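What follows is one structure encoded as structure tokens, with my remarks underneath.
The values are calculated or read from the model by the stated rules, or taken from the named source; none is laboratory data. The structure displayed is predicted, hence computed values, not measured ones. When we count neighbours, we look across all protein chains shown, and the Cβ atoms used for this are built from the backbone with ideal geometry, even at glycine. Note: accessible area is taken over every heavy atom of the protein model, side chains too, but ligands, DNA and RNA are not part of it. Shrake-Rupley method; radii C 1.70, N 1.55, O 1.52, S 1.80 Å.
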Amino acid sequence: MNYSLFAKVFIAVIVIQSVLILIGGQLNIIRIDQFIKEREYGYAQAEILDVQDAYNHKLKQIRSNVFSLFFESNQSESILEKIKKYQGTTQVDDLRHKAEIEQFLQSMAYTDESFSSILFIRNNDEEKFAFVRYFDPSLLPKFDSMISLDTNEYVKVYPIGKTDTNVNSNNYDLVFVLKVKDPNALAESQPVGYLLISVDTDFLQKAGSHLRTDSLIELKNANGTIRISGNTMPADVNQSNIDDSELDSEHYFVTQVQNSVDDMIFTMFISKKKLIENILAMKKNQWITLTAIILLNVFVAFYISRGLSRRVQTLTRNMRKYNPGEFVYLIPIHKNDEFTILEDTYNQLISKLSEFIQQEYVLEIKSKEAELQLLHSQVNPHFLSNMLEIVRMQAIKEKNMNLSETIYQLSEIFRWNIRNKETVVTLYEELYYVEYYLKLQQFRYPKSRFIINFPNHYQNERIAKFSVQPIVENIFKHAMNKGKNIEIQISVNEVQDKIQVKITDNGKGIMPETLNRLRANLQMTPFESKESSSVGIMNVHSRLRLIFGINYGLDIESRIGEGTVVTLYIPKLEVNS
């Protein structure tokens, strides 16, 4: 087999496919890089719009709280009226009014968990009505300026940090300052007071997208700036004294939205460093995937190439091993592809050649069997079979069961001979009718003894028909010793992947010169052998070699006065039942 051809094809396929995979993978990584950046821009835009929507919704909700001051409480007068009437004395009515006002503010605060505090500052005397949950904006140093609204200004928003000690803290509030005028005296220029609602900025994250660890949201107007950041952003970006232009650099992506309702500006900063780290992580995963694909590609290509190479090796090896006259195993075919045509063609060619050679050998062997066949042809087979059956029935009628059994055995051997035209039979069949033959001879020689040792697991092995019986016939023909009872033993066993059928007798043995001549003839082909005195032995040997190959046949060992051992060697080829 030209194995280098498959190696070249294998290497070429792997190199080409790997290059294509790497090029495609690199282009895909570039596209993914661009896609991630575009996705981050889109994500930032969507997130900042969510924050804007949450802010405007909260502003609208707080404005609606002002109107609740105008509603009457206890079906008598509104909270605003009670605020206006409160005198700050210890009179029962004043105490009751203040309690109702503060209870109203408390109930307003509990309608929204994001409210940190609610204060009402009366304009004429700066009297305070408050409910403080977490944070009191009246304690801020710039509180006085916070409640000074212009004539046409009704609402201000102050981004305020809750603490000045931790600049990196995300604890921020939006303080909404709303001007409250009496609805019954709108013409008056002076308001009744100012409603301050402090709101925790957590609502911006809950209402919108959750803030990522590598992003920063800034809320900025003329009244202040707050920055809400993730926990992986640098510490300095939370400092309010950092200018936006310093953040808007090569280190951050910036997305900004100007609010249409008020002057609040929403800005999102995304860390380029973190984004690049994410891209590198995705690239790493891509390269790992590409490497796994290439390795899988190499494995599949190697597996397929090895399978094809083995089939070509098998075909080439069988072609080189083929020798005319030997038994050759056909190539098993398990697949249906282009190589199947070659394998099937080879099997057909070998079968035809073997059939042709077998025919040539059989012609020669048949010429040597002519004498035996002439003897068989002297009697009409059907006539003889019918006569044997008539005689057997007569013996049964006369109650001669031994004779009846003997005639039955002879009839069975004869019928098997004329009925079974197969060249190869199972070892069980061969020994079954040899046993009948030995029983017939035992009828003739009552003192003869025979033993057949035949393990059951060999019964389906194949053997040439009439391979054992001619050897046994030679024992009765040539090995009988006067005054000595003949004993025959037939045993079957396995030696070096061959089935060994051994026929042993205790007869008079074979003369050394005759034994040497027989052994020499066994080494010749049927065409070369001129031996005529041992037609049965040569016939069996030739047929075994013809059917199974030159490595099979028979062997003879003998000692004068001790007996002879004839051993048949056949391949281990079990017949499918």
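So which residues in the stretch 556-574 are free of Cβ contacts under 8 Å to residues at least 60 places away in the same chain, open to solvent by 60 Å² or more (accessible area, probe 1.4 Å) and within 22 Å of E430 (Cα to Cα)?
none
State which residue pairs qualify: first residue within 12 Å of K447 (Cα to Cα) and inside the stretch 473-496, second residue charged (D, E, K, R) and crowded, with 16+ Cβ neighbours inside 10 Å in any location, beta carbons under 6 Å apart, and separation of 6 or more residues or different chains.
I488/D505
Residue by residue, here is whether (1) modelled with pLDDT under 85; (2) under 54 Å from the mean Cα position of the chain (by Cα) holds:
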position: Q500; (1), (2): no, yes
position: K508; (1), (2): no, no
position: P526; (1), (2): yes, no
position: K530; (1), (2): yes, no
position: G536; (1), (2): yes, no
position: V540; (1), (2): no, no
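Mind telling me which of the residues A46, A54 ends up being surrounded by 12 or more Cβ atoms within 10 Å (Cβ to Cβ), at pLDDT 85 or above, closer than 24 Å to S271 by Cβ and out of contact with any strand residue (DSSP E or B) (no Cβ under 9 Å at 6 or more places or on another chain)?
Sole residue among the options that is surrounded by 12 or more Cβ atoms within 10 Å (Cβ to Cβ), at pLDDT 85 or above, closer than 24 Å to S271 by Cβ and out of contact with any strand residue (DSSP E or B) (no Cβ under 9 Å at 6 or more places or on another chain): A54.
Considering only residues that are open to solvent by 60 Å² or more (accessible area, probe 1.4 Å) and hydroxyl-bearing (S, T, Y), look in the stretch 149-162 and name the one that is nearest to S64 (Cα to Cα).
Y154
Is it the case that the stretch 432-445 has a residue that's assigned to a helix (DSSP H, G or I), under 15 Å from L573 (Cα atoms) and open to solvent by 70 Å² or more (accessible area, probe 1.4 Å)?
no
Go through the stretch 451-474 residue by residue and tally those that are open to solvent by 10 Å² or more (accessible area, probe 1.4 Å) and in a helix (DSSP H, G or I).
Total meeting the criteria: 7.
In the list T255, T289, T267, T345, which residue meets the criterion of being modelled with pLDDT of 70 or more, part of a helix (DSSP H, G or I) and either within 30 Å of E218 (Cβ to Cβ) or under 33 Å from the mean Cα position of the chain (by Cα) (or both)?
Just one listed residue meets the conditions, T289.
Could you give every pair whose Cβ atoms fall below 7 Å, whose first residue belongs to the stretch 86-103 and is more than 15 Å from I121 (Cα to Cα), and whose second residue is part of a loop (DSSP other than H, G, I, E, B) and open to solvent by 60 Å² or more (accessible area, probe 1.4 Å), counting only separations of at least 6 or pairs across chains?
If the second residue must be part of a loop (DSSP other than H, G, I, E, B) and open to solvent by 60 Å² or more (accessible area, probe 1.4 Å), the pairs left are D94/Q87.
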